[in-house]
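What follows is a short report on a single structure.
The values are calculated or read from the model by the stated rules, or taken from the named source; none is laboratory data. Bear in mind that the values here come from a model prediction, so they are computed numbers and not experimental data. Note that each Cβ is placed from the backbone with ideal geometry, even for glycine, and that neighbours are counted across all protein chains shown.
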Amino acid sequence: MLALCLSLLTAHAADSLQLVLNDPAGRTGPEDKCDRGVCSTLLERINAAEKTIDFALYGIRDQNDIIDALKRAKERGVVIRGVVDRDVKHRNYYSDTEEVIATLGNITDDYNSDSDKARALAKKPRSTYEPPCQRPKGFAGPLQCLGYDLGDRCLIAVHASREDLAFQGEIMHNKFFVVDERYVWTGSTNLSDSGTGGYNANLVTVVDSPEVAAWYTEEFEQMHRDGRYHDHKFSRGVKQARLAPGVDVEVLFSPQDKPITTKVRPLLQRASDRIDIAVFFLTHKGIAEDLILAHLRGVKVRVIMDATAAKNGYAKHNLLRAAGIPVKVENWGGKMHAKSAVIDGRIVITGSMNWTSAGEGGNDENTIIVHSNTHAQQFTAWFDNLWGQIDDRWLTRDPDPESMNSGTACTDGSDNDFDRLRDGEDPGCSVDPPPLPDSPTWEIVAKEDGHGLVKGILDREGRKVYLMSNHRDYAYATVSTVAGEEWLCSEQQAQALGYWRYPE
């Protein structure tokens, strides 16, 4: 009887929430197919829709089974509404988006929101402030002065993009469907030949819950009905539900719910045993700090990151490696496109949000936190399999994402590194490929004078204050560890420890 009850509970959990995890093995390129679970689960829901379909999509490309299913649903009387992304030039990244808009109708976008912000930024004087760290040669974008505490030493780096950054519009980056006010299909998987087509590593969450569906509908209405996108949306407060015994979910929307600040970072900070992360972009400096501190307190941390994203000037994977965390950069033809993690064998984080400042602070995104041992075990098995597929040499090096080192990247007909060159056109696929561009450098230094570290001192009134290396009195301030003063690795660390910035 006990075995039967456990079986029924497991079945209920599986029915109420499914994790669909795509392993890109076996795909040799993007395909207009819907034979992987990340696609077939959506196709099934569209074909079974009776009343309504609402979707928020980054765009759609070469997924004719899905497009045809949406057309049939409309023909049989299902009310279909949609939201898509546009940049400040009114463009959508995916080639079939315009056809879908014309065919289905009743689809809105974030163009007006982006245009309004572009005009406001154009009127605003550009800041001339330059942070107090030396700009790396060949990097023109905004500077990040980084410091991470390794105990008796500091890990120091300066990150920036290679090109100066111009505002192109914040992104309506969701990939979710709400069907018949009951089913939610969401995750990291774009509706494309590489996403739902199965070429990328991705994750989809399918939820059967009118309560969760109502949360997503409310978010959809803010965009579609009210025209509110990005930082104009309202937070509706805490969204938590129990879907089945042992299966609890929380849902957060970006930017209004601040998922990284309010949930992702606290979960990483409380981890006690293991953290496994599968992620496309990881540029958030706070998350990097949390992972380093977790590693230092004995938590086993592993990260799989995308090869194209590893070329980003703000990518944090080399800093994690420097701190001793094993990070593998994938060498498939497709991408590591998930935005997910499993913590302590019981919590799964997933959704559409890259682990970046833009993912939390500007883009329209959704994040699901799943509290479930069963789903955590499923994720861990998927992660272990992917980890084993990637050769250990990519623990210390980064493969060129469009080269012979990256699976079928030179024969898949895809521009894998976004340089507008495909396969044999790309120098990386030549017999004598050029080296990858240099990444920003880092160094590990002792906590002592001569390295430009932040000085945490006591002022004349005994108040804790800190001085950056560009402060006019920096050279005259001494750090007395006997008096409780200390060398600090970053301004963020100083503020977290209760220091106030010393006035100029």
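So here's what we get for this one:
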item: Per-region count, the stretch 411-449, residues in contact (Cβ under 8 Å) with a residue 60 or more places away in the chain, closer than 25 Å to Leu386 by Cβ and under 27 Å from the mean Cα position of the chain (by Cα); result: 8
item: Contacts under 6 angstrom Cβ, first residue in the stretch 167-179 being over 9 Å from Asp87 (Cα atoms), partner outside any strand (DSSP E or B) and of a type in the set (Lys, Arg), 6 or more apart; result: Val179/Arg45
item: Matching residues, the stretch 222-245, being assigned to a loop (DSSP other than H, G, I, E, B) and of a type in the set (D, E, K, R); result: Arg225, Asp226, Arg228, Lys233, Arg236, Lys239
item: Failed condition for Ala315, given (1) part of a helix (DSSP H, G or I); (2) buried (at least 21 other Cβ atoms within 10 Å of the Cβ); result: (1)
item: Selected residue (only one of Gly324, Gly362, Gly345, Gly351 is crowded, with 24+ Cβ neighbours inside 10 Å, of a type in the set (Gly, Ala, Ser) and in the same structural domain as Leu386 (by TED's automatic domain parsing)); result: Gly351
item: Per-region count, the stretch 222-251, residues surrounded by 14 or more Cβ atoms within 10 Å (Cβ to Cβ), free of Cβ contacts under 8 Å to residues at least 40 places away in the same chain and small (Gly, Ala, Ser); result: 1
item: Those residues of the stretch 323-355 which are in contact with a His (Cβ under 8 Å, 6 or more places away or on another chain) and small (Gly, Ala, Ser), in sequence order; result: Ala323, Gly324, Ser352
item: Single unsatisfied condition, Lys339 versus (1) of a type in the set (Lys, Arg); (2) crowded, with 23+ Cβ neighbours inside 10 Å; (3) over 16 Å from Trp382 (Cβ atoms); result: (3)
item: Residues of the stretch 189-236 satisfying the condition of being out of contact with any Lys or Arg (no Cβ under 9 Å at 6 or more places or on another chain) and closer than 15 Å to Ser254 by Cβ; result: Tyr216, Arg228, Tyr229, His232, Lys233, Arg236
item: Meets criteria (within 30 Å of Ala446 (Cβ to Cβ), under 25 Å from the mean Cα position of the chain (by Cα), not charged (D, E, K, R) and not in a loop (DSSP other than H, G, I, E, B)) for Cys154; result: no
item: Any hit, the stretch 297-309, residues being crowded, with 23+ Cβ neighbours inside 10 Å and part of a loop (DSSP other than H, G, I, E, B); result: yes
item: Considering residues of the stretch 274-289 that are within 18 Å of Gly345 (Cα to Cα) and in contact with a helix residue (DSSP H, G or I) (Cβ under 7 Å, 6 or more places away or on another chain) only, the residue surrounded by the most Cβ atoms within 10 Å (Cβ to Cβ); result: Ala278
item: Residue in the stretch 480-501 that is of a type outside the set (Gly, Ala, Ser) and in contact with a Pro (Cβ under 6 Å, 6 or more places away or on another chain) present; result: no
item: Residue selected from the stretch 47-72 under the condition among the hydrophobic types (A, V, I, L, M, F, W, C) and within 27 Å of the chain's Cα centre (by Cα), by the criterion surrounded by the fewest Cβ atoms within 10 Å (Cβ to Cβ); result: Ile67
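Here's the yes/no breakdown for (1) surrounded by 18 or more Cβ atoms within 10 Å (Cβ to Cβ); (2) under 30 Å from Ala310 (Cβ atoms); (3) among the charged types (D, E, K, R):
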residue: Pro435; (1), (2), (3): no, yes, no
residue: Thr441; (1), (2), (3): no, yes, no
residue: Leu453; (1), (2), (3): yes, yes, no
residue: Arg460; (1), (2), (3): no, no, yes
residue: Lys464; (1), (2), (3): no, no, yes
residue: Asn470; (1), (2), (3): no, no, no
residue: Asp473; (1), (2), (3): no, no, yes
residue: Thr481; (1), (2), (3): no, no, no
residue: Gln495; (1), (2), (3): no, yes, no
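A quick yes/no check of all residues on (1) surrounded by 16 or more Cβ atoms within 10 Å (Cβ to Cβ); (2) in a loop (DSSP other than H, G, I, E, B); (3) assigned by TED's automatic domain parsing to the domain that holds Val301:
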{"residue": "Leu203", "(1), (2), (3)": "yes, no, yes"}
{"residue": "Glu211", "(1), (2), (3)": "no, no, yes"}
{"residue": "Thr217", "(1), (2), (3)": "yes, no, yes"}
{"residue": "Phe220", "(1), (2), (3)": "yes, no, yes"}
{"residue": "Phe253", "(1), (2), (3)": "yes, no, yes"}
{"residue": "Gln256", "(1), (2), (3)": "yes, yes, yes"}
{"residue": "Arg265", "(1), (2), (3)": "yes, no, yes"}
{"residue": "Ser272", "(1), (2), (3)": "no, yes, yes"}
